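Following: one structure in structure tokens, then a few remarks.
Coordinate-derived values only; no laboratory data. Worth saying up front: this structure is predicted, and the values here are computed from it rather than measured. Heads up, the Cβs are rebuilt from the backbone with ideal geometry, glycines too, and the neighbour counts pull from every protein chain shown.
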Ligand SMILES: Nc1ncnc2c1ncn2[C@@H]1O[C@H](COP(=O)(O)OP(=O)(O)OP(=O)(O)O)[C@@H](O)[C@H]1O
Ligand SMILES: [Mg+2]
């Protein structure tokens with residue numbers, strides 16, 4: 001398939017999937033960026049059937065590469081968007097293009113490494129290939145093909161005072177992009193690990209959208225990372241295969257293309273449907289407000305939640321039937337027990353199921369101490385935990401699910417990132433106030 005899907009309508013107008021294309025804003029080695037006059041603040045990124053390496057010194061046409069790259073990028077960004085990350089990606093548009101928020105780009109490549117390999121080894125003699133970074137190693141390179149993208153320190157980035165869509169890139173913005181970079185890597189590393197592939201390192205870029213917000217931009221495809229199935233370098237499936245070629249035959253290009261296709265195919269299965277759920281059992285329907293708050297927080301974290309009513313004191317058999325119902329369902333369940341006054345519900349659940357049980361009593365201000373104590377002072381042999389706030393119950397349940405559910409793990413990680421970003425922005429705002 002050739003990457004020329006733009007339909008010419010007249011001498012100077014074109015459209016794609018109903019989007020009228022404006023002027024060509026920029027053309028790089030692997031894609032063109034078109035303005036979208038009817039969709040302000042957005043652009044269309046058209047991939048090319050072109051593969052390049054060594055700052056463009058090595059370059060080949062590779063029929064079908066645009067479609068594979070576009071499919072790979074779309075899937076990766078859908079995973080990141082679903083986790084709650086702020087990205088420029090909006091949606092695919094045909095097989096070889098996508099719509100994105102139109103950005104002014106930060107001219108920095110943000111590199112994250114889990115294992116030392118490639119150029120890192122040349123710059124750090126003595127470090128053995130495969131050295132593992134915990135936390136991942138982060139590096140920044142100034143995008144400057146003519147000077148082979150020199151490595152830049154944070155101080156150099158801040159000193160450059162890049163001003164993009166009105167936002168000056170200072171230390172706060174660098175801190176935010178550094179933390180976002182780490183989260184992007186961790187989310188994709190976890191997702192690939194679920195397919196038995198080790199994400200060794202990767203490169204991303206940021207832009208500032210027309211609202212002045214920093215968003216993950218550009219593309220992420222097989223050119224962006226090193227990916228070693230089973231952690232075995234010899235099985236590598238990324239563009240390194242192309243970089244390593246001294247002469248390039250059609251057969252070599254076919255191998256590279258097959259690898260890229262394999263990656264795009266794997267991505268379809270990267271975030272499989274899971275069967276995590278939270279069951280909130282309330283002793284009385286009068287506690288439903290408290291329980292709905294738990295359900296709302298679960299939903300925000302991507303964990304389905306069911307509300308049930310059962311009193312362990314007044315309907316013990318019914319409570320045990322409900323336990324059996326979920327144990328036999330095949331779902332992975334965390335129970336949250338909501339019982340005021342004397343909490344028999346949580347301990348009865350905990351003593352009769354191997355699923356985790358979290359007590360979240362709906363405490364009333366006139367009786368807080370006794371009600372909380374009732375949940376804490378459980379008989380020996382029981383391991384239910386107790387939290388007081390609905391949000392805490394949902395978070396505790398999600399953290400349990402995150403042990404087996406990559407999507408929930410990612411939501412939690414991005415929530416932590418977003419807390420970091422909001423605190424930093426609040427601090428930035430407060431800092432400049434003179435009282
Ligand atoms: N959301 C976006 N809005 C505006 N421009 C973007 C967006 N995403 C990427 N770009 C820019 O599109 C241009 C073309 O991309 P391409 O990757 O082909 O460039 P390139 O030749 O590889 O150069 P570079 O070394 O800058 O990546 C790049 O300058 C890139 O920064
Ligand atoms: Mg590029």
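A compact table of results
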| item | result |
| --- | --- |
| Contact order normalised by residue count of the stretch 102-268, Cα under 8 Å, 6+ apart, percent | 21 |
| Residue 433-residue 289 pseudo-label distance in nm [points 7 Å out on the Cα-to-Cβ vector] | 3.1 |
| Where only alpha carbons of the chain are counted, the Rg and the Dmax (Å) | 26.0, 82 |
| Max mean-square fluctuation residue, GNM over the chain, Cα-Cα springs under 10 Å, options 281, 164, 320 | 320 |
| Simple label model, 7 Å out from Cα along Cβ direction - residue 154 to residue 380, nm | 5.2 |
| Gain on full stretching of the segment that runs from residue 299 to residue 342 - 0.36 nm per residue minus C-alpha separation | 12.6 nm |
| Per-peptide average of other Cβ atoms within 10 Å, ordering 259-267, 374-382, 35-43 highest first | 259-267, 35-43, 374-382 |
| Extended-chain gain in nm, criterion 0.36 nm per residue less alpha-carbon gap, residue 57 and residue 265 | 72.0 nm |
| Per-peptide average of other Cβ atoms within 10 Å, ordering 215-221, 78-84 highest first | 215-221, 78-84 |
| Modelled FRET efficiency - R0 30 Å, residue 320 with residue 366, Cβ distances, 0.05 increments | 0.40 |
| Binned Cα-Cα distances of the stretch 102-268, short to long, each 5 Å bin given as a whole percent | 1, 8, 15, 19, 19, 16, 11, 7, 3, 0 |
| Extent along principal axes [Cα atoms of the stretch 223-317; Å; largest to smallest] | 78, 25, 17 |
| Peptides 179-187, 165-173, 127-135 ordered by average Cβ neighbours within 10 Å, highest first | 179-187, 165-173, 127-135 |
| Those residues of the stretch 101-126 whose amide nitrogen sits under 15 Å from the label point placed on residue 243, 7 Å along Cα→Cβ | 109-124 |
| For the chain, built as a Gaussian network whose Cα springs stay under 10 Å, the top-fluctuating residue of 23, 257, 239 | 23 |
| Per-selection Rg to Rh, the stretch 368-435 - Cα, Kirkwood hydrodynamic radius | 1.19 |
| Choice from 211, 250, 156 showing the highest fluctuation, given a GNM over the chain with Cα pairs closer than 10 Å | 250 |
| Contour excess over end-to-end distance, with Cα ends at residue 146 and residue 168 and 0.36 nm allotted per residue | 5.4 nm |
| log10 of Debye I(q)/I(0), alpha-carbon scatterers only, for the stretch 343-388 at 0.14, 0.23 Å⁻¹ | -0.30, -0.73 |
| Computed E for residue 373/residue 232 - FRET, C-beta separation, R0 56 angstrom, nearest 0.05 | 0.55 |
| Ellipsoid semi-axes in whole angstrom, largest first, where each is sqrt(5λ) of the Cα gyration tensor of the stretch 276-404 | 20, 17, 14 |
| Structure-based [θ]222 nm, the chain - -39500 (n - 2.57) summed over DSSP H runs of at least 4, per residue, nearest 500 | -11500 deg cm²/dmol |
